[in-house]
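Engineer: Encoded as C-alpha cells, here's the structure I'll be asking about.
The values are calculated or read from the model by the stated rules, or taken from the named source; none is laboratory data. Being a predicted model, the structure only gives us computed values, none of them experimental. In this analysis, Cβ positions are derived from the backbone assuming ideal geometry, glycine residues included, and neighbour counts consider all displayed protein chains.
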Amino acid sequence: MSGRAIPCSVMRGGTSKGLFFLATDLPGDRADRDAMLRSLLGSPDPRQIDGLGGAHPLTSKVAVVRRSARPDADVDYLFLQVWPDRTEVSGNQNCGNMLAAVAPFAIEQGLVDPGDPVTAVRIWMENTRSLAVARVRTPGRRVRYDGAARIDGVPGTHAPILIDFQDSAGSTCGSLLPTGNAVDLVEGTPVTCIDNGMPVVCVAAEALGVTGHEGPAELEADTELRARVERLRLAAGRLMNLGDVRDKTVPKVSLLSEPEHGGVIATRTFIPHRVHEAIGVFGAVSVATACRVPGSVAAGLARAGRRSPDGEELDIEHPTGCFAVSMDVTVEGTTVTVRRAALLRTARLLMRGDAFAADFPGAETEARPVGPDAGRATPAAHEGDTE
Ligand code: NQM
C-alpha cells in the first residue's frame with residue numbers, strides 16, 4: 001500500500017463541492033495538514049488529475065469540523081481553499097456554500113444530537129470568528145437530503161437548509177465599510193469596498209467597459225478586463241486593511257449592473273481570478289448590504305426588494321439565476337447597521353469513505369491498514385488552528 005487513508009466525506013454545499021473532514025482525522029501541524037490536503041485534492045495542477053479536486057476553485061474546497069469548546073456553538077468549522085493550480089492552501093476567507101453542508105456532516109458524524117423533525121446547529125466559523133445557525137431537516141432523527149427546495153446553480157430540488165447570521169459585518173476587515181467611505185476612487189474608478197462576511201469590491205460593470213450581463217467564460221477571456229480588475233483589487237485590498245492580496249483569495253470584485261430578471265441588482269463576481277458561475281453566499285450578503293448603503297456604487301444601480309416581516313428580501317442576480325438574501329438593515333444618517341441576514345441553501349452527501357494522500361511528509365510512516373479488518377487510526381490532535 002502507498003499513502004495514507006483518511007476518513008473523508010465528499011459533499012455538495014450550496015453551489016460548491018468539497019471534502020469534509022473531522023479535525024481529529026487530520027495532522028495537527030499546519031504544514032503537514034496543508035501538504036496532505038494538496039495531495040488529496042491533486043494540487044498544484046490545473047486539472048487536479050491525481051486528486052479529488054474538481055479543477056475549479058468552487059470544487060477544490062475543504063471543510064474541517066470539530067466539536068466546539070465554545071458555550072454558544074455546537075461545532076467549529078474551518079474553511080480551506082485549496083488552489084487548483086498553486087501550492088497555497090488558504091484560510092483567509094470563509095465559504096457560506098460549504099457551510100451549508102457542515103450541519104448535516106456534524107450530525108451524521110455524531111458531533112451533534114439530532115432533534116425531530118428539525119435540528120438547529122450552531123456553527124462557529126473559525127475563518128471569520130463569527131456564528132451561524134443552520135436548520136436541517138431531521139425527521140425521525142435522521143438527516144434528510146431530499147426535499148422541495150430549489151437553489152439556482154444546482155439542478156433539481158433538495159431539503160432546505162436555512163442559515164442565519166448575526167454578526168458578519170466587518171468580520172474580516174474590521175468594519176462594514178473598511179475604508180470608512182461609501183465610495184472610493186481606486187485606479188480612477190469609483191468603487192464601494194464592503195465586508196459583510198466577505199470582503200467585496202463593488203464596481204459598476206459599465207465603468208470597466210462591459211455590460212455586466214456577459215457570461216463567466218466571456219469575461220474570463222477578456223485579458224485586458226482581467227488585468228484591470230486585478231489592479232483594482234490589489235489597490236482596494238490595501239485600503240481594506242488586507243495588505244498585499246496578490247496571493248489571497250480576498251477581496252472579491254463584483255461587477256454590478258441594473259437587474260434584468262426582476263431582481264435587485266445583477267452581479268458578475270471575480271473570486272478573484274475566475275468568474276463565479278453564481279455568487280458566493282457571503283459575497284451575495286455583502287453585495288445585498290452594499291445596495292442599502294446610501295451613496296454606494298451598488299445603491300445607484302439597485303432596485304427595491306420585497307418587504308417581509310423580518311426586513312427585506314433581496315434577489316441578487318448572477319450568471320445562473322438569483323440568490324435571495326433576507327436582511328434587516330437600518331440606516332441612520334451615515335451609520336448602517338446590519339441586524340441580521342438569512343438565506344436558503346441545500347446540500348447533499350455524495351460519498352463517504354477513505355481518501356488516499358499519496359505524497360506528503362509522513363504519509364508512509366503514518367499509514368494505516370486498508371481492508372475489511374482495518375481499524376480507524378488514532379486521531380491526531382488538531383487544536384488552536386484558527387487561520
Ligand atoms: O462567499 C466562492 C462559493 C464561494 C464562497 C468564493 C462563498 C461565500 O461560492 O460565502 O460561498 O467567492 O470564493 O462557495
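Engineer: Which one of the conditions (1) of a type in the set (A, V, I, L, M, F, W, C); (2) in contact (Cβ under 8 Å) with a residue 40 or more places away in the chain; (3) outside any loop (DSSP other than H, G, I, E, B) does residue 250 fail to meet, given that it meets all the rest?
Structural biologist: Failed condition: (3).
Engineer: Against the condition surrounded by fewer than 20 Cβ atoms within 10 Å (Cβ to Cβ) and either away from the ligand (no atom under 15 Å from the Cβ) or within 26 Å of residue 305 (Cβ to Cβ) (or both), how does residue 170 come out, does it pass?
Structural biologist: In short, no.
Engineer: Pick out, from segment 267-367, the strands (runs of 3 or more DSSP E) lying fully within it that include 3 or more residues that are charged (D, E, K, R).
Structural biologist: Answer list for segment 267-367: 311-318, 335-345, 347-357.
Engineer: Condition (residue is within 25 Å of residue 339 (Cα to Cα), surrounded by fewer than 24 Cβ atoms within 10 Å (Cβ to Cβ) and either β-branched (Val, Ile, Thr) or assigned by TED's automatic domain parsing to the domain that holds residue 334 (or both)) applied to segment 220-241: is it met by at least one residue?
Structural biologist: Yes, there is a match, as at least one residue in segment 220-241 is within 25 Å of residue 339 (Cα to Cα), surrounded by fewer than 24 Cβ atoms within 10 Å (Cβ to Cβ) and either β-branched (Val, Ile, Thr) or assigned by TED's automatic domain parsing to the domain that holds residue 334 (or both).
Engineer: Count, please, the residues in segment 80-110 that happen to be more than 16 Å from the ligand (Cβ to nearest atom), of a type outside the set (S, T, N, Q) and assigned to a loop (DSSP other than H, G, I, E, B).
Structural biologist: Number satisfying all stated conditions: 1.
Engineer: Could you look through segment 242-257, keep only residues that are surrounded by fewer than 21 Cβ atoms within 10 Å (Cβ to Cβ) and hydroxyl-bearing (Ser, Thr, Tyr), and pick out the one that is nearest to residue 196 (Cα to Cα)?
Structural biologist: 249
Engineer: Turning to a different aspect of this structure: Kindly indicate the residue of segment 258-276 that is under 19 Å from the mean Cα position of the chain (by Cα) and under 20 Å from residue 299 (Cβ atoms) and also surrounded by the fewest Cβ atoms within 10 Å (Cβ to Cβ) among those meeting that condition.
Structural biologist: 268
Engineer: Another question, if that's okay. Say whether the condition of being closer than 29 Å to residue 305 by Cα, part of a strand (DSSP E or B) and touching a helix residue (DSSP H, G or I) at 6+ places or on another chain (Cβ under 7 Å) is met by at least one residue in segment 216-235.
Structural biologist: no
Engineer: Where in segment 118-186 are the strands (runs of 3 or more DSSP E), entirely inside, with at least 1 residues that are of a type in the set (Ser, Thr, Tyr), in the same structural domain as residue 99 (by TED's automatic domain parsing) and under 16 Å from the mean Cα position of the chain (by Cα)?
Structural biologist: Where strands (runs of 3 or more DSSP E) fall fully within segment 118-186 and carry at least 1 residues being of a type in the set (Ser, Thr, Tyr), in the same structural domain as residue 99 (by TED's automatic domain parsing) and under 16 Å from the mean Cα position of the chain (by Cα), they are 130-137.
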